[in-house]
Amino acid sequence: MDLEESKRRMHDKKLYYAGQPELIADQLTYLEKNFDYNQLRPSQLEEKQTLLKQLFAEIGEGCYIEAPFHANWGGKHVHLGSHVYVNYNLTLVDDTHIYIGDHVMIAPNVVIATGTHPIHPGLRRKEAQYNLPVHIQDNVWLGAGCLVMPGVTIGENSVIGAGSVVTKDIPANVVAVGNPCRVLRDISEKDLTVYHKESLIDIE
């Protein structure tokens, strides 16, 4: 299987061999930029913004990503909307496309994965892999330490609780928690008037 065929299969949900030397060599060029980003000082804001535009497939206005973060392909297959905030230690297994909408908040130690493997050990021994894209829609909040697994879509405005493992699609406008992650409740008008333990919201 040549390099171009492997690249096509990466994005077609088909098996390919991830350990091909030519594929790894191509991947390394993007990982180098990811490494460079993580070496920048907190005050080097302009340099960070310049590198982010080189790292990601798309990136909107007002995005900020705390270092360190890691992406399998350096962010090459990641599409960010506008005003995305990412806290420390994000891991993006971006072997195929990850779509993140506007005003998404990502807490520390989150993993968003697209890459997975067949069950049979003979295929895994050969480093066979397939990838399923992930979609995180506008205004989602991913809590600390949550894992978003391959092929998942999280609907707009939803909140994923800390430590959750998201193995299936989550609808819009809900709070979902757990392993596996399940809908806990809808987001309602009440959430505009109270927050933590029925404390009243006193700001506009």
Exercise for the section: Rounded to the nearest 10 degrees, what's the angle between the helix 21-39 long axis and the longest principal axis of the chain, both from Cα atoms, 0 to 90? Expected result: 40 degrees
Practice task
Compute the distance in nm between two label points, each set 7 Å from the Cα along the Cα-to-Cβ direction, one at residue 128 and one at residue 53.
Solution key: 4.3 nm
Problem - With at most 14 neighbouring Cβ atoms within 10 Å, loop trypsin sites (Lys or Arg not before Pro) (DSSP) excluded, longest segment of the chain - result: 15-125
Problem - Listed residue pairs exceeding 22 Å between alpha carbons, taken from 7/126; 168/197; 53/168 - result: 168/197; 53/168
Handout entry: lysines whose Cα lies under 23 Å from that of residue 48, excluding same-chain neighbours fewer than 8 positions away
Key = 33, 76
Completion exercise
For region 3-200, the percent of accessible surface on carbon and sulfur atoms (probe 1.4 angstrom, ligands and nucleic acids excluded) is 55 percent
Completion exercise
With Cα coordinates, the longest principal axis of the chain makes an angle with the long axis of helix 45-55, in degrees rounded to 10, of 50 degrees
Fill in the blank from the handout: Placing each pseudo-label 7 Å from Cα in the direction of the beta carbon, residue 82 and residue 157 end up separated by a distance in nanometres of 2.0 nm
Problem - Per residue accessible area of the chain, 1.4 Å probe, in Å² - result: 55 Å²
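The values are calculated or read from the model by the stated rules, or taken from the named source; none is laboratory data. Note that the structure is predicted; figures quoted are calculated from it, not measured. Glycine also receives a Cβ, built like all others from the backbone with ideal geometry; neighbour counts cover every protein chain displayed. SASA here: full protein model, heavy atoms, side chains in, ligands and nucleic acids out. Shrake-Rupley method; radii C 1.70, N 1.55, O 1.52, S 1.80 Å.
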